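Where a number appears in this text, it was derived from the coordinates with a stated rule and is not lab data. Please read all numbers here as calculations on a predicted model, not as lab measurements. Every residue, glycine as well, gets a Cβ built from its backbone with ideal geometry; the counts of neighbours run over all protein chains shown.
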Ligand code: ADP
Ligand code: MG
């Protein structure tokens, strides 16, 4: 299933991430693509809020992977943890091995920024999210570059996603 959603501002992106959390479960892998500043971390912050995990989702400075454990819900149950990977600084495939994502990929919701090209080998199923600025990239005005609409394209890979309705999906936006 492919879905395209217009996200007018950062709050909309965060809200979409929050809504996405409702259809995610332990073992899911979400791969985020898009330029620096496209909104990958912003979306992941919403996801963390939706899952109800501990700690602020942030752009890691030195850490490549960070685990956010689930907080107890009002009824005492807990959802999955969020493992947030930012592979921007990942140098080699040895470093990928060192991340030891196997247990995360079994038990947590794993979100990978800059994962395209290497995460595909880790699981059979994944949700690929691409964030783009439809009105071009970075102008000379930093404010302009950060502000404004994004277009999110979601693509699911694998049986896992059959029948799963992604947030913001118009009723007729379903194809292959
Ligand atoms: P990335 O992780 O892709 O590098 P970030 O999420 O860290 O990007 O940064 C995105 C920046 O753009 C933030 O400053 C955010 O407030 C801003 N922004 C403006 N409009 C949007 C939007 N529609 N969606 C997401 N971020 C937006
Ligand atoms: Mg980021």
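Here the peptides 105-113, 47-55 are ranked by packing, the mean other Cβ count within 10 Å, and the order with the highest first is 105-113, 47-55. With both residues required to sit in segment 2-158, DSSP beta bridges show an antiparallel share near 60%. Debye-formula intensities of the chain, expressed as log10 I(q)/I(0) at q = 0.13, 0.14, 0.19 Å⁻¹, are -0.63, -0.74, -1.35 (one equal scatterer per alpha-carbon, no solvent). Compared with the alpha-carbon gap, the fully stretched path from residue 135 to residue 11 is longer by 42.8 nm at 0.36 nm per residue. Label sites at residue 153 and residue 88, each approximated as a point 7 angstrom past Cα along Cα to Cβ, lie 2.3 nm apart.
How far, in nm, would the chain grow between residue 99 and residue 165 when pulled straight, counting 0.36 nm per residue and subtracting the alpha carbon separation?
Working: separation 66, 0.36 × 66 = 23.76 nm, distance 3.08 nm.
Extending this stretch completely gives an extra 20.7 nm.
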